[in-house]
Amino acid sequence: MQYIKKCPECGGIHLFVNREKGEVICKDCGLVVEDKMVEFNQEWREFEDEGGDDRRRRTGAPMTYTQFDQGLGTEVGQKADLFQLGSKDRNKFFRLRKWQYRISTAIERNLKLALAELKRVSSYLKLPKSVEEEAAMIYTQAVQRGLVRGRSMESVVSGALYAACRRHEVPRTLDELSEASGIEKKEIGRTYRFVTRELGISILPSNPADYIARFASSLKLSAETQSKAVEILESAQHEELTSGRGPTGIAAASLYVSALIHGEKRTQREVADVAGVTEVTIRNRYKDLLEKLDLDREVKKLKLKGGK
């Protein structure tokens, strides 16, 4: 915007710009040269009742899929406002809040219940906010496409959470989701495959290396053991030993072998409990790694035999 440089009435050049009122006034003759000036600076507003100038922002809270209205809804007053109202206005206040909480559409009602369950499961599994937001977006798309019809809300929530974990490479197993949600493992897996297929979500296979750090922390293994387990996994992938095998089992077996090599002996039962697999799985993967990667020599150097 170009400001007027001189007064059209008296030709004076002493102009005063009042930004608060959006006016340009001539100091010589008092003429209001401009009364609808546009303000292009940043707008700072107070979006919360409490706090001072340090809490002033340009915008409100960000949009989020973890709320049924994506965080765009407003709240009619607060309970603290009741003390400032009379009995008549107080009844009106309660009526307004009651109508606000009444959700009109079936999709919004479903989302309000489902997203509360999603937050509970996410908190139980200690998932990051990015995964929770992705899962909420997947579930919202599933509801809008009518994919929830005929399926339990909890199973679709768990399937969306598992899909989000896979997309963000956050290692969580179906057994953990089953324990957190109370839904059978097979049902979660079936719903997960259905939702990802219908929504066109492409997810790469799980990388066993993603589980190494988590299992090593639970088993209290050293960094050297963890690094060696990653090397063993890379060799196993090069030899195609991971194809067709569960990522948790091969990751746990790699850690078990690495622990033996570094003298940090852990029993197969301990490793199996942490990984959520059976001892038989650990034993079979362990034997495959020793035979195909020729790791038997390194284990024998420490005078430790294969097995337990």
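The values are calculated or read from the model by the stated rules, or taken from the named source; none is laboratory data. Quantities reported herein were computed from a predicted structural model and do not represent experimental measurements. No Cβ is skipped: glycine too gets one built from the backbone with ideal geometry, and neighbour counts run over all protein chains shown.
For the condition within 13 Å of the chain's Cα centre (by Cα) and surrounded by 19 or more Cβ atoms within 10 Å (Cβ to Cβ), LEU125 does not qualify.
Each row is one residue, and each column tells you yes or no for (1) buried (at least 18 other Cβ atoms within 10 Å of the Cβ); (2) over 21 Å from ARG166 (Cβ atoms); (3) at pLDDT below 85; (4) of a type in the set (D, E, K, R).
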{"site": "GLN237", "(1), (2), (3), (4)": "no, no, yes, no"}
{"site": "LEU241", "(1), (2), (3), (4)": "yes, yes, yes, no"}
{"site": "ALA252", "(1), (2), (3), (4)": "yes, no, no, no"}
{"site": "LYS265", "(1), (2), (3), (4)": "no, yes, yes, yes"}
{"site": "ALA275", "(1), (2), (3), (4)": "yes, no, no, no"}
{"site": "ASP294", "(1), (2), (3), (4)": "no, yes, yes, yes"}
{"site": "LYS305", "(1), (2), (3), (4)": "no, yes, yes, yes"}
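Tell me, yes or no, whether the stretch 243-250 has at least one residue that is among the hydroxyl-bearing types (Ser, Thr, Tyr), under 17 Å from ALA209 (Cβ atoms) and either at pLDDT 85 or above or not in a loop (DSSP other than H, G, I, E, B) (or both). Yes, some residue in the stretch 243-250 is among the hydroxyl-bearing types (Ser, Thr, Tyr), under 17 Å from ALA209 (Cβ atoms) and either at pLDDT 85 or above or not in a loop (DSSP other than H, G, I, E, B) (or both). Just one residue in the set SER178, SER155 is without any contact (Cβ under 8 Å) to a residue 24 or more places away in the chain, in the same structural domain as SER123 (by TED's automatic domain parsing) and part of a helix (DSSP H, G or I); that residue is SER178. Just one of the listed residues (VAL280, VAL271) is surrounded by fewer than 14 Cβ atoms within 10 Å (Cβ to Cβ), assigned to a helix (DSSP H, G or I) and at pLDDT 80 or above, and it is VAL280. Against the numbered list (1) in contact (Cβ under 8 Å) with a residue 60 or more places away in the chain; (2) farther than 15 Å from GLU270 by Cβ; (3) not polar (S, T, N, Q), PHE215 comes up short only at (2).
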